[in-house]
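Reading through the structure tokens given below for one structure.
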Amino acid sequence: MIHAYGRPDPPVPRLLEALAARGHAVKPAAAGRPNGPATLVLAAGAELDEMAFGVLLGAWRTAPGARVLVLSAIGAHPDAKEKRLRRLWRIEESARASGVPALTLRLAPMIGPRSPLWLRLCSRPRLPGGGRQLLNPVAEEDVVETLDRACNGRVRWEGWYEVAGAEVFSLSDLARWAVEAGPRLPRGAGAWEPPLPELREHRLCEARPWLEHFGLASPPLRARAAGWER
């Protein structure tokens with residue numbers, strides 16, 4: 001059973017829906033310890049009460065088979081400029097110190113045929129900084145597969161990983177692919193995910209530890225995007 005704490009920010013609700021579609025039982029986290037093996041999902045959210053989830057972690061510490069999954073973001077750091085990235089760092093630290101087996105995944109910008117970032121790029125918006133920023137975008141389907149493997153017990157539940165593509169592309173590269181995918185979407189389609197202020201704090205990542213730990217072989221992203229015609 002997957003227990004989601006609070007009302008997490010995007011993209012977490014969408015990822016949990018994808019896990020539910022794969023047969024995982026997902027429900028909101030309730031107060032107290034769970035009955036039987038369970039996974040607690042922690043992420044940043046507008047209504048996050050850090051003291052309350054600290055109490056919750058204390059209860060989970062005594063539950064047999066309990067574990068914590070932190071869905072964080074690239075850029076999480078105690079000195080990050082963006083408040084949400086600093087909050088994600090504190091969540092990571094709380095999970096690591098809880099005494100409950102914890103796995104932390106820092107998500108890179110996700111793209112896929114229905115991903116908000118991809119849909120926003122398909123609307124041909126003005127790109128921040130002229131689109132020069134370099135990123136390690138990751139296919140959303142690879143993120144879902146990663147979560148599925150973790151929740152199915154197919155990987156060791158430990159450490160933290162940057163869930164990011166092995167290839168480096170500029171934002172303008174991604175925008176060009178979106179133009180090639182088909183007609184322009186209406187203005188305002190999709191969303192900047194992550195928000196632009198957070199995106200500016202992203203740095204380049206190392207994908208190998210994630211791919212090796214989860215046994216993934218991610219195909220080239222450009223070839224995959226070519227199949228997302230509208």
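Here, each number is a calculation from the coordinates, and none is a lab measurement. Everything numeric here is computed off the predicted structure, so don't read it as measured data. Note that we place each Cβ from the backbone using ideal geometry, even for glycine, and neighbour counts take in every protein chain shown.
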Computed label-point distance, nm, for sites LEU196 and ALA59 using a 7 Å Cα→Cβ extension | 4.2 nm
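Run the helix sum for the chain: -39,500 (n - 2.57) per DSSP H stretch of 4+ residues, divided by residue count, reported at 222 nm to the nearest 500 deg cm²/dmol. Spell out each step's value before the answer.
On the way: 9 runs with 81 residues, N = 230.
After summing the helix terms and dividing by residue count, I get -10000 deg cm²/dmol.
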Once the dipole of the chain is set up with Lys and Arg at +1 and Asp and Glu at -1 on Cβ about the Cα centre, which of ALA191, VAL143, VAL41 lies farthest towards its positive end?
-> ALA191
Starting from the Cα of TRP157, move 7 Å in the Cα-to-Cβ direction to define the label point; list residues of segment 90-115 whose amide nitrogen is under 18 Å from there.
-> 92-106
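For the chain, give the magnitude of the charge dipole about the Cα centre (Cβ charges: +1 Lys/Arg, -1 Asp/Glu; no others), in debye to the nearest 20.
My answer is approximately 380 debye.
Let me spell out the model: positive unit charges on the Cβ of Lys and Arg, negative unit charges on the Cβ of Asp and Glu, origin at the Cα centre of segment 126-195. What dipole size does that give, in debye rounded to 20?
Details: 8 positive and 11 negative charges, 74 e Å.
That gives a dipole near 360 debye.
How long is the gain from MET51 to GLN133 if the chain were fully straight, where each residue apart is worth 0.36 nm and the alpha carbon distance is subtracted? The partial results should precede the final answer.
Values: separation 82, 0.36 × 82 = 29.52 nm, distance 3.64 nm.
In short, 25.9 nm is gained.
Which semi-axis lengths, in whole Å and largest first, follow from the square roots of five times the eigenvalues of the Cα gyration tensor of segment 105-218?
Values: eigenvalues 147, 44, 26 Å².
So the equivalent ellipsoid measures 27, 15, 11 Å along its semi-axes.
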Taking +1 at the Cβ of each Lys and Arg and -1 at the Cβ of each Asp and Glu, which of THR62, ILE74, GLY130 sits farthest along the dipole of the chain towards its positive end, judged by Cα position relative to the Cα centre?
-> GLY130
Dipole moment magnitude, nearest 20 debye, segment 1-58 about Cα centre, only Lys, Arg, Asp, Glu C-beta charged | 280 debye
Gaussian network model of the chain, Cα springs within a sub-10 Å range: biggest mean-square fluctuation belongs to which of LEU85, LEU117, LEU216?
-> LEU216
Please say if segment 71-160 is rounded, prolate or oblate, where rounded means a/c under 1.5 for a ≥ b ≥ c the square roots of the C-alpha gyration tensor eigenvalues, and otherwise the choice is prolate for a/b larger than b/c and oblate otherwise?
-> oblate
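Below 8 Å, C-alpha to C-alpha, sequence gap of six or more: please give me the relative contact order for the chain in percent.
19 percent
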